1. Expressed as a rounded percentage, what relative contact order does chain A have, with Cα pairs under 8 Å and six or more residues apart?
2. Please compute the contact order of segment A:133-196 in relative form: average sequence separation of alpha-carbon pairs under 8 Å and at least six residues apart, divided by the residue count, as a percent.
3. Viscosity 1.306 mPa s, temperature 10 °C: what is the translational diffusion coefficient of segment A:76-151 from Stokes-Einstein with a Kirkwood Rh over Cα pairs, rounded to a whole number of µm²/s?
4. For chain A, set up a GNM with springs between Cα atoms under 10 Å and report which of A:Arg192, A:Arg219, A:Arg20 has the largest fluctuation.
5. Using a 7 Å offset from Cα along the direction of the beta-carbon, what are the separations from A:Lys140 to the same position in each other copy, nm, ascending?
6. Taking only the alpha carbons of segment A:1-75, what extent do you get along each of the three principal axes, in Å, biggest first?
7. I need the fraction of alpha carbon pairs in chain B separated by more than 32 Å, rounded to a whole percent.
8. Using Cα centres only, tell me the gap between segment A:215-289 and segment B:44-114 in whole Å.
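Values in this text are rule-based calculations from the coordinates and carry no lab data. No experiment lies behind these values; they were computed from the predicted model shown. Here the Cβ is made from the backbone with ideal geometry for all residues, glycine too, and neighbour counts use every protein chain on show.
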Number of protein chains: 2
Amino acid sequence: MATLKDLSRHLGLSVTQVSRALNGHSDVNEQTRARVQEAAKLLKYQPNISARRLVTGRSGTVGLVVPPPVSTDGHAVFVEMISGLSASFAQQQVHFLLHVINPQEDPVAVHRRLIDSAALDGFVITDPVVNDPRIAFLRKRDVPFVVHGRLGDKNDFAYFDIDNYAVAHQLTAHLTGLGHQRIAFLNGVPGRTYVESRLRGHVAALAAAGIAHDPDLHRNGMMNRNFGLTETIRLMLPGSCRPTAIIAGNMLIALGVYDALQALGLRISADVSVVAHDDHLPGATAESLFPALTTTSAPLKESWGPMASLLVQALDGQPIETLQKMGGVTFFDRASCGRL
Amino acid sequence: MATLKDLSRHLGLSVTQVSRALNGHSDVNEQTRARVQEAAKLLKYQPNISARRLVTGRSGTVGLVVPPPVSTDGHAVFVEMISGLSASFAQQQVHFLLHVINPQEDPVAVHRRLIDSAALDGFVITDPVVNDPRIAFLRKRDVPFVVHGRLGDKNDFAYFDIDNYAVAHQLTAHLTGLGHQRIAFLNGVPGRTYVESRLRGHVAALAAAGIAHDPDLHRNGMMNRNFGLTETIRLMLPGSCRPTAIIAGNMLIALGVYDALQALGLRISADVSVVAHDDHLPGATAESLFPALTTTSAPLKESWGPMASLLVQALDGQPIETLQKMGGVTFFDRASCGRL
DNA sequence: GCATTTTTCCGAAACGTTTCGGATGCCGCC
DNA sequence: GGCGGCATCCGAAACGTTTCGGAAAAATGC
């Protein structure tokens, strides 16, 4: 492959000046810069990233360390995330390293190895939990990263998130506005920050309507179809609390809720109102359900582009405060709710 | 981070000797080697891979360039592949770079960029087609790679494959042995090498039973449930060729075939025999169908480990002939076939 | 006891890039 | 004519590793 030295020989310039021309430095004649760029194209020059990385300390590579998806339901999100991130980083000319660990392995140790070998200069963190050890570690080592979500307390890092508090608040308020009092909430696994935010929003909206929060109506679990199905049946069993409305944490849960209510012979909207948060997973659209599902909508796939550019900006040393972005959420009132 | 120079200072040895000790060269006293290793552990030494790569020309990173999966059905295979490869390479201490391209982008150009910037020193090639341009390019540039599958003609490269010819031959022979004459074959998209191999095996088995191949009974398409369903209905329509047996190229197709036959009121085994090749995708097991499906079985997930180690061996300069491996296929005769 | 081999070590160069500090020539200005 | 300022360029060092060629010390052979 052509090197800077080749270019400099070919152009009768010093290696220094060729490097500076290509990297857009100021002290190079615009005319010679044009010559250099032309020659670079002609000789198919590609900078050797190892050499560059060695001197700059930066590798041009970012990474994601994740366990494999557990259930088949998790596949859709996993694929969405992986391919979205990879494609977005590719667009930003950044290499994307994927490291799938087995579930019992310590993610922090893997991050440490990748940093110490100077292989990566930034990370994507997904599924943050409260007091996330990965975030604590990266913060200590002063390595740039971007989080998909937020922590509860101080978010002194780049993140992309949606307002999960508002999501749960809005869904709950919609139901209380229709007169519902006993509202079940099928939430995600405890510990995840968005799950906790949603719980807070839910409780606040209940309180605003003068309703006390009944812990028995709040259920945690993996966000898949099966969870929606089994918890709905448990809730509706004779002798159980039998809510008049159900909030599903995502579309897979909502599908399970629909299945269960149909199996139990309960009519959606007339007997039980259902709302959900819709992250637009492929294969489950709110409009195509019957009756069409009322949702807050925030496409997951629109988060990977921003995530990538936030991390790149963080690598470029932009101040953290400018790298905290919220995705929009829109409310769609459809046909799955009835007035009590 | 600790460097070789730090170690050499700490030990009173030269940088050279420390490097040689750590890399297992012969001309270093076993006692000093032990000392060096101990010190390396103590100072948490991690070699800077950029520096190493710069001098050796090797990066310790391999890559996979793929388009995103098209349908939801493709998700399972994609996840299986990505996480299997990533985990396997991690085990071999090799970094795994994932580059998801958008479908209209030229994969060869991406490979070229990755090679020229010295970012990668080996590739995984999946879904090879006849006259695959990626393989031609990598061969020309003399870059190591491992293929999941084979080409028709000369396979002068590392590969992992199953005997697709034998798979189709065995499934077909099983059916002809039961007296079937009109056997439909729901195969994958044309051009893929395994699709062509299977076609050849199928035709050969038919010929061995004295049956001419009827092109109308051979259908190509994307290997998903919908393809199995629609093609089965087309085959069984009045006025159509109405086979007495159907071979499904994988389990997703088989699920579609089962759906269609049930919808048409045709009994599996009694009215129509069904066999399939089972690559053990999650969520579709041959035993749990009713009636249990007769298959050739070759778990896809068992191919990623071998793929990874084959590529690593290829990087180490092992001769190609030792790097061509075939996965085992076993035949399970279950309850989905009837004698004619 | 001397020559020869073997073992164990080391200095220096190299990989391709960026960057620091300075050099050169040219211009206008007092 | 001397001086400062500007635009444009360059040499050399540095990043951390591997490796080539050789050197010193120890062991062996006669």
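1. 16 percent
2. Once divided by the residue count of segment A:133-196, the mean separation gives 27 percent.
3. 118 µm²/s
4. Answer for the Gaussian network model of chain A: A:Arg20.
5. Spacings between copies for this position, smallest first, are 5.1 nm.
6. Answer, in whole Å and largest first: 61, 25, 22 Å.
7. Cα-Cα pairs of chain B separated by over 32 Å account for 43 percent.
8. Taking the Cα centre of segment B:44-114 as reference, the centre of segment A:215-289 is 39 Å away.
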